[in-house]
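*Asks:* Before I ask anything, let me first share the structure, which is written out below as structure tokens.
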Amino acid sequence: MSNINEISKRRTFAIISHPDAGKTTLTEKLLLFGGAIHVAGAVKSNKIKKTATSDWMEIEKQRGISVATSVMGFNYGDYKINILDTPGHQDFAEDTYRTLTAVDSVIIVVDVAKGVESQTRKLMEVCRMRNTPVIIFVNKLDREGRDPFDILDELEKELQISVRPLSWPINIGAKFKGVYNIYEHSLNLFQPDKQHVTDRVEIADINDPTIDQAVGEADAAQLRNDIELIDGVYPDFEVQDYLDAQVAPVFFGSALNTFGVKELLDCFVRIAPSPRPVEAEERKVEPSEEKFSGFVFKIHANMDPNHRSCIAFVKVCSGVFRRNEVYKHVRSGKNYRFSAPTAFMAQKKEIIDEVYPGDIVGLPDNGIFKIGDTITEGEELHFKGLPSFSPEMFKYIENTDPMKTKQLNKGIEQLMDEGVAQLFVSQFNNRKIIGTVGQLQFEVIQYRLLHEYGAQCRWEPIHLYKACWIESDDEQALEAFKKRKYQFMALDKEGRDVFMADSGYVLQMAQQDFPKIKFHFTSEF
Ligand code: G4P
């Protein structure tokens, strides 16, 4: 099997963080090491957002935040790296969740002063559900921050994963002198300089007097104490534990100063998984299989509002995707040929002839694809694992232009297929309810319905707390529940029963009163 080489070279991952922890800066520095961009530090983080990620959408330009996820591929040594960018803005968490289904591993960026923040915690839940291996980068060591041991404790507790430091800082903030690389037994001295990559000092081991000369005796002694403590407290690092998502290696550094980034990258390419087998409903699909298969994890609307063309982002799971071959779109059963598939290399998209497992291929889409669709060489495969989470905000959507009902319905349907938000239809009054994770999504939907479909809508408040997918082994109990709660029952896009609880208390009471009903907060159970 000739593509084993190609597969083992690939590292497809996402960088996730709470907004402002330094994800964009770190991404930029990784691109720099890959030669995908040439100026470090001097490039403002917001500028890179515009150039390194796509800005096809008008709205994205308007608001200056990255609405959609994109892919940055580059070569680093013998490796082909694909970074799947995840929108940092908290309103777009849905998008981010979905992107995590297409990666083989994750790097989490944490701000040393702020520790684990809400967004990070949520994203880690998704990683845990999928057993995704994670590496943690504690950032902004050049600023005053928390004690590194405290940070490690917090990471373990908040992210519910064992950690193992692979580098260790010598002081923090104004006194920050560098990091000791536990993984490679080397010392990296910090020189605050945003333009250049810092050189490292070779040392024999932790007792090497070079360390005393480099950082002073007192700090060298402290470092030795810390390392002794770490070695005593944390078990030796085993790559397999990381791959099994049992242990998260931790690195310290400063993305802005390109400090500790190369060490992170070098360790990452060595230990991070190449494309992993993917579970389909029918069977497990190995990347090394000869026949092509892949799934759509993201649909990105085109900027041109006049004709609705999109790009579907397909993760190649097995075989080789080839331009102009005929592939089966499993949901519709139809065959399609793609003459202009695009690869994503750093800042540009280009037409590509062959795409290997782990890579992402962009397919022009005139409305054939939905999130989660599978394409194959003919086999009926349905890839699992694109959960919907209960939205946090809900509104009724109302048509304000009766002449455009058709356009509005089509627009809603397509935006939901794209995964912009979730649609529920009340079983009680048939009204459409849109659920999002943030206020901004309502504005985006309204804007896009108008500009792309010529449909006008307004939002009407509805007080809801959570959407819970319900099921039961006991058909009668299920019917009884639905009858009792008929005013609060809705159907999701797939026609599944959803209980729309209007308060935490109501939900708690329902759970107590109906013990035979299972309440799920994600659509995957
Ligand atoms: P995000 O994508 O996770 O939202 O974070 P981003 O990289 O945009 O970084 C957020 C802010 O933190 C930026 O400052 C960035 O320069 C700063 N930053 C990132 N890494 C470090 C670091 O290692 N040390 C320090 N001191 N700061 C860091 P900003 O003022 O919002 O933007 P800019 O004007 O500097 O671009």
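The values are calculated or read from the model by the stated rules, or taken from the named source; none is laboratory data. The structure displayed is predicted, hence computed values, not measured ones. Cβ atoms come from the backbone with ideal geometry, glycine included; neighbour counts cover every protein chain shown. Protein only, heavy atoms only, side chains kept; ligands, DNA and RNA dropped before computing areas. Shrake-Rupley method; radii C 1.70, N 1.55, O 1.52, S 1.80 Å.
*Asks:* Give me the dipole magnitude in Debye, nearest 20, for segment 415-525 about the Cα centre, with unit charges on the beta carbon: positive for Lys and Arg, negative for Asp and Glu.
*Replies:* Dipole of segment 415-525, to the nearest 20 debye: 360 debye.
*Asks:* Just to be sure I understand: if I project the alpha-carbon convex hull of segment 368-525 onto a plane and average over all orientations, what area do I get in nm²?
*Replies:* Value for segment 368-525: 10.6 nm².
*Asks:* Same structure again: Cα gyration tensor of segment 149-190, axes a ≥ b ≥ c as square roots of the eigenvalues: rounded (a/c below 1.5), prolate (a/b > b/c) or oblate?
*Replies:* In terms of gyration-tensor shape, oblate.
*Asks:* If you project the alpha carbons of segment 134-282 onto the principal axes, what extent comes out on each, in Å, largest first?
*Replies:* Rounded to whole Å, the extents work out to 61, 36, 30 Å.
*Asks:* Check which residues have an amide H placed less than 5 Å from Ile170's amide H, if you skip close sequence neighbours.
*Replies:* Lys177, Gly178, Val179, Tyr180
*Asks:* Report, by chain and number, residues whose modeled amide H sits under 5 Å from the one on Lys80, excluding near sequence neighbours (fewer than 5 apart, same chain).
*Replies:* Arg10, Arg11
*Asks:* What does the charge dipole of the chain about its Cα centre add up to, to the nearest 20 debye, if the Cβ of each Lys and Arg holds +1 and the Cβ of each Asp and Glu holds -1?
*Replies:* Computed about the Cα centre, the dipole is about 2040 debye.
*Asks:* So with the 1.4 Å probe, I'd like the accessible area per residue for the chain, rounded to whole Å².
*Replies:* 43 Å²
*Asks:* Okay, moving on. Would you mind telling me the share, in percent, of accessible area of segment 336-426 contributed by carbon and sulfur at probe 1.4 angstrom?
*Replies:* It is 49 percent, rounded to a whole number.
*Asks:* Can I ask one more? For segment 100-164, which GluC sites (Glu not before Pro) are both in a DSSP coil and crowded by at most 16 other Cβ atoms within 10 Å?
*Replies:* In loop regions of segment 100-164 (DSSP not H, G, I, E or B), the sparsely surrounded GluC sites (Glu not before Pro) are Glu144.
*Asks:* Could you give the semi-axes, largest first, of the ellipsoid that matches segment 353-418, computed as the square roots of 5 times the alpha carbon gyration tensor eigenvalues and rounded to whole Å?
*Replies:* 32, 17, 11
*Asks:* Between Gly435, Pro402, Met124, whose Cα lies farthest towards the positive end of the dipole of the chain when Lys and Arg beta carbons carry +1 and Asp and Glu beta carbons carry -1, centred on the Cα centre?
*Replies:* Pro402
*Asks:* From zero outward in steps of 10 Å, how is the percent of C-alpha pairs of segment 204-285 spread across the bins?
*Replies:* 14, 28, 35, 13, 6, 3, 0
*Asks:* Determine by what factor the alpha-carbon radius of gyration of segment 80-172 differs from 2.2 N^0.38 Å, reporting the quotient.
*Replies:* After normalising by residue count via 2.2 N^0.38 Å, the value is 1.11.
*Asks:* Looking at segment 412-452, which chymotrypsin sites (Phe, Trp or Tyr not before Pro) are DSSP coil and have at most 13 other C-beta atoms within 10 Å of their C-beta?
*Replies:* Taking segment 412-452 and a limit of 13 other Cβ atoms within 10 Å, the loop chymotrypsin sites (Phe, Trp or Tyr not before Pro) found are Phe428.
*Asks:* If you take the alpha carbon radius of gyration of the chain and divide it by 2.2 N^0.38 Å, what ratio comes out, to two decimals?
*Replies:* 1.03
*Asks:* Show the residues, 5+ positions off or on another chain, whose built amide H is closer than 5 Å to the amide H of Lys493.
*Replies:* Under 5 Å from the amide H of Lys493 lie the amide H atoms of Leu423, each far enough along the sequence or on another chain.
*Asks:* Then there's this: For the chain, what is the relative contact order in percent, using Cα pairs closer than 8 Å and at least 6 residues apart in sequence?
*Replies:* 13 percent
*Asks:* Would you mind checking the tilt of helix 217-233 against the longest principal axis of the Cα atoms of the chain, expressed as 0 to 90 degrees and rounded to 10?
*Replies:* 50 degrees
*Asks:* Can you check what the net charge comes to around Thr12, using other residues whose Cβ is under 14 Å from the Cβ of Thr12 (Lys, Arg +1; Asp, Glu -1)?
*Replies:* Overall, the nearby charge balance is +4.
*Asks:* Residue farthest toward the positive end of the dipole of the chain, with Cβ of Lys/Arg at +1 and Asp/Glu at -1: which of Ile151, Val103, Ile517?
*Replies:* The residue sitting most towards the positive pole is Ile517.
*Asks:* For segment 230-382, what is Rg from Cα atoms divided by 2.2 N^0.38 Å, rounded to two decimals?
*Replies:* Scaled against compact globular proteins, the figure is 1.29.
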